[in-house]
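Trainee: Got a structure for you, questions after.
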Amino acid sequence: MDNKSIKVVINTIQKNTSNISVPSSIFNKLNSSLYVDLNVGTFKTKATCYKNNTEKDLVISKYIADKVGIIDKLETNLLIKNNQIYLGPVIGVFISSGRVRKAKKQHPHFRQLKMSKANRDVNSILYFFSIKDIDFSQQKIHGTYYSNKNHTFQVKEFPYPDVLYDRGGATLTSQQRKSQKIREEIDKIAKPLKINSKYFFDKWNVYNNLLSFKEMTPYLRKSILYKSPHDLLSMLNNFSGVYLKDILGHNSLGVANIRAEGNTFILKYRSKRLLIKSFNSFDNLIEEINNFFYGKEVMIQAGIDVLKVNGCNVDMRAEVQKNGQGNLEVGPYMVRIGRKNSHVTSTSSGAIVNQFDNFFRNELNFSVDYINNLKNRIEKFLIITFNSIEKLYGPFGEIGIDFALDKNLKIWFIECNAKPGKDTIYLACTDDKIQRSFANPLNYGKFLWENRGN
């Protein structure tokens, strides 16, 4: 049987029946129209199938539609395997309760809105959910979805998903145990396909494992796990500056920069705002570091003499994704220019985002040929990095990769992200590139669904 799904339009009727009707082109692909299994996510029911005279209408009772979150006139995909009909894919996006709450109040984050609009071309049954939306006893999820008809976010009951798009699920430490329980429950009951094998990376674990790949080592800066003040002193004796990183941190909040100037140590870190402190005593520096990273596991990474513009640090973010054919696509490379004196370049710290070609042409006066040559080297690095991560942790539909160029234009790996925020693309890219960035993971989920069991 062809693995390619067929686009259908759902028409609901006010009857309490398990009968369905499909276009003759679909009906003729069934081995038997009697007692066909209808599958939507984890929901499954026996249905008697009839043919209708339409080109793409699937007629279903409102009774069944309400059980699976299907609304009238919904455009979705139909797949036939072993005389079973599958509608979907049902894609559940696991996000924080705060993001869900704002969407319900019609103040969605741009990510939820852009993803919902990108889904118009994918036609999955897409919903967002948080740790507060699971009904374990009924094996249902009170999902929040975007209504293309009303242009609002609404709530319906959905089955557990075919495809899990894990965007973290919880931001607070107190919620993380519950979010892990939810993952385990969904894995046990639904055995969903996953856009990404992991929803976060341990920075130290990634660095340590990447060292095992010969092709990655030229891109890796010296890093060690911080176990004692002697570790920091040793790194400062060998490098002009170092970064200390919370190995589970995100948004640059768990990052500090230290450099030695004679007998003085300059420390930079963010705590709601950028703080710059000087210490004449190494012991006082250690006390400040211990207070900042209290209870967290920290790695020390040699600094990079990165490109600068007007004294501001410059680094880059790129997305590497899989598309609807399961093939790799390297997204646009976005240049981030940090704020004056800032040691980090995240958008949350106030960095300016620029398109790669524009930056190197306008700021550094590089020729088109030189820019293209540089992009080829970067693309090679990004593909090597993506493939290395997959070998270590399993399949991924998308990874955000942070990297920098030093003053000799050597490429250095900084870190990778299992749930890229897409802020850089949203701030500086054209609408078609933004659309593709949000559509690719959904199309990849659809590809996984179509090819499940093959």
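Trainee: Between the range 106-163 and the range 229-265, how many Å separate their Cα centres?
Mentor: After rounding, the separation between the Cα centres reads 42 Å.
Trainee: What ranking do 87-96, 234-243 get when scored by the average of other Cβ atoms within 10 Å per residue, highest first?
Mentor: Ranked by mean Cβ neighbours within 10 Å, highest first: 87-96, 234-243.
Trainee: Another question, then. For the range 91-193, what does the equivalent ellipsoid look like in terms of its semi-axes, each the square root of 5 times an eigenvalue of the Cα gyration tensor, given largest first in whole Å?
Mentor: 21, 16, 12
Trainee: For labels at ASN408 and ASN451 in the simple 7 Å Cα→Cβ model, what's the distance in nm?
Mentor: Going from the ASN408 label point to the ASN451 one covers 4.1 nm.
Trainee: Then there's this: Calculate the spin-label point distance for LYS191 paired with ILE276, positioning each point 7 Å from the Cα along the beta-carbon direction, and give it in nanometres.
Mentor: Between ILE276 and LYS191, the label points sit 5.8 nm apart.
Trainee: Let me ask something else. How do the peptides 381-388, 302-309 rank, highest first, by the average count of neighbouring beta carbon atoms within 10 Å per residue?
Mentor: The packing order, highest mean first, is 381-388, 302-309.
Trainee: Relative to the longest principal axis of the C-alpha atoms of the chain, give the angle of the C-alpha long axis of helix 368-393, reported between 0 and 90° and rounded to the nearest 10°.
Mentor: 70 degrees
Trainee: Arranged by the count of other C-beta atoms within 10 angstrom, fewest first, what order do VAL22, VAL255 take?
Mentor: VAL255, VAL22
Trainee: Relative contact order for the range 197-345 using alpha-carbon pairs under 8 Å, separation at least 6, rounded to a whole percent?
Mentor: 20 percent
Trainee: On to the next question. Tell me the net charge near ILE20. Cut-off is 15 Å between Cβ atoms, ILE20 excluded, with +1 for each Lys or Arg and -1 for each Asp or Glu.
Mentor: +4
Trainee: While we're here: Considering amide H positions built from the backbone, and no H for Pro or chain starts, which residues 5 or more places from ASN19, or on another chain, come under 5 Å of its amide H?
Mentor: Residues meeting the criterion, in which the H sits 1.01 Å from N, are THR48.
Trainee: Want the number for ASP283 to ASN263: 0.36 nm per residue separation, take away the alpha-carbon distance, what's left?
Mentor: The span from ASP283 to ASN263 would gain 6.0 nm if fully extended.
Trainee: Under a crude label model (7 Å from the Cα following the beta-carbon direction), how far is ASN365 from ASN11 in nanometres?
Mentor: In this crude label model, ASN365 to ASN11 measures out at 6.8 nm.
Trainee: So how much slack lies between LEU233 and GLU329, counting 0.36 nm per residue of separation and subtracting their Cα-Cα distance, in nm?
Mentor: 30.4 nm
Trainee: Where does the chain land at 222 nm, in deg cm²/dmol rounded to the nearest 500, when only DSSP H runs of n ≥ 4 count, each adding -39500 (n - 2.57), divided by all residues?
Mentor: Here the helix-only value at 222 nm equals -9000 deg cm²/dmol.
Trainee: Which whole-Hz ³J(HN,Hα) couplings does the range 38-48 yield from phi under the Karplus relation 6.51 cos²θ - 1.76 cosθ + 1.60, θ = phi - 60°, glycine and proline marked x?
Mentor: Result, rounded to whole Hz: 9, 10, 9, x, 8, 6, 9, 8, 7, 9, 8.
Trainee: Can you order the peptides 156-163, 128-135 by their average number of other Cβ atoms within 10 Å per residue, highest first?
Mentor: With the highest mean Cβ count within 10 Å placed first, the list reads 156-163, 128-135.
Trainee: Binning every alpha carbon pair distance of the range 298-366 at 5 Å from zero, what are the percents per bin?
Mentor: Calculated P(r), rounded to whole percents: 3, 15, 21, 20, 17, 11, 8, 4, 1.
Trainee: Once amide H atoms are built 1.01 Å from N in the peptide plane, which residues 5 or more positions from ILE125, or in another chain, come under 5 Å H to H?
Mentor: Here VAL90, ILE91 satisfy the definition.
Trainee: Binned at 10 Å from 0, what are the whole-percent values of the Cα-Cα distance distribution for the range 315-454, short to long?
Mentor: Histogram of Cα-Cα distances, whole percents per bin: 11, 40, 35, 11, 2, 0.
Trainee: A further question on this structure: Determine ³J(HN,Hα), in whole Hz, for all residues of the range 112-117 in sequence, where each value follows from phi through the Karplus function 6.51 cos²θ - 1.76 cosθ + 1.60 and θ = phi - 60°; x replaces Gly and Pro.
Mentor: Each residue's phi maps through the Karplus curve to give 5, 5, 5, 5, 5, 6 Hz.
Trainee: A follow-up question, please. Through the Karplus equation 6.51 cos²θ - 1.76 cosθ + 1.60, θ set to phi - 60°, convert the phi angles of the range 189-202 into ³J(HN,Hα) values in whole Hz; use x for Gly and Pro.
Mentor: Once rounded to whole Hz, the list reads 7, 9, 6, x, 5, 10, 4, 10, 6, 9, 9, 8, 10, 7.
Trainee: If you take the beta carbon distance between THR48 and ARG177 as r and set R0 to 41 Å, what does 1/(1 + (r/R0)^6) give as a FRET efficiency, to the nearest 0.05?
Mentor: It comes to 0.35.
Trainee: If you don't mind, there's one more thing I want to ask. Grab the other residues whose beta carbon is less than 10 angstrom from that of ILE425, score K and R as +1, D and E as -1, and report the net.
Mentor: Every neighbour counted, the sum reads +3.
Trainee: Tell me, SER179, SER147 in order of fewest to most beta-carbon neighbours within 10 Å?
Mentor: Fewest-to-most Cβ neighbours within 10 Å comes out as SER147, SER179.
Trainee: How big is the dipole moment of the range 236-312 about its Cα centre under a simple scheme where the beta carbon of each Lys and Arg is +1, that of each Asp and Glu is -1, and everything else is neutral? Debye, nearest 20, please.
Mentor: 360 debye
Trainee: Further, regarding this structure: Express in nm, to one decimal, how much length is gained between THR152 and HIS107 on full extension, taking 0.36 nm for each residue of separation and deducting their alpha carbon distance.
Mentor: 15.2 nm
Trainee: A further question follows. For the range 1-125, how big is Rg over Rh, using alpha carbon atoms and the Kirkwood form of Rh?
Mentor: Expressed as Rg/Rh, it is 1.02.
Trainee: Taking LYS67 as the anchor, which lysines have their alpha carbon closer than 19 Å to its alpha carbon, excluding any fewer than eight residues away along the same chain?
Mentor: Those lysines meeting the cut-off are LYS15, LYS44, LYS46, LYS140, LYS156.
Trainee: Counting only Cα, what are the radius of gyration and maximum Cα-Cα distance Dmax of the chain, in Å?
Mentor: In Å, with Rg to one decimal and Dmax whole: 25.0, 85.
Trainee: Something else: What residues qualify as long-range amide H neighbours of LEU74, i.e. H under 5 Å apart, gap of 5 or more or another chain, H built at 1.01 Å from N?
Mentor: Those lying under 5 Å, H to H, from LEU74 are ILE10.
Trainee: Placing +1 at every Lys and Arg Cβ and -1 at every Asp and Glu Cβ, with all other atoms neutral, what dipole size does the chain have around its Cα centre, in debye to the nearest 20?
Mentor: For this selection, approximately 940 debye.
Trainee: Can you give me the Cα centroid spacing of the range 269-315 and the range 58-104 in angstrom?
Mentor: 47 Å
Trainee: Mind checking which aspartates and glutamates have their Cα closer than 12 Å to the Cα of LYS268? Skip sequence neighbours fewer than 8 apart in that chain.
Mentor: GLU288
Laboratory data are not the source of any read-out in this text; all were calculated from the coordinates shown. Note that the structure is a prediction, hence the values are computed from the model and not measured. Using ideal geometry, Cβ is built from the backbone for each residue, glycine included, and neighbour counts are taken over all protein chains shown.
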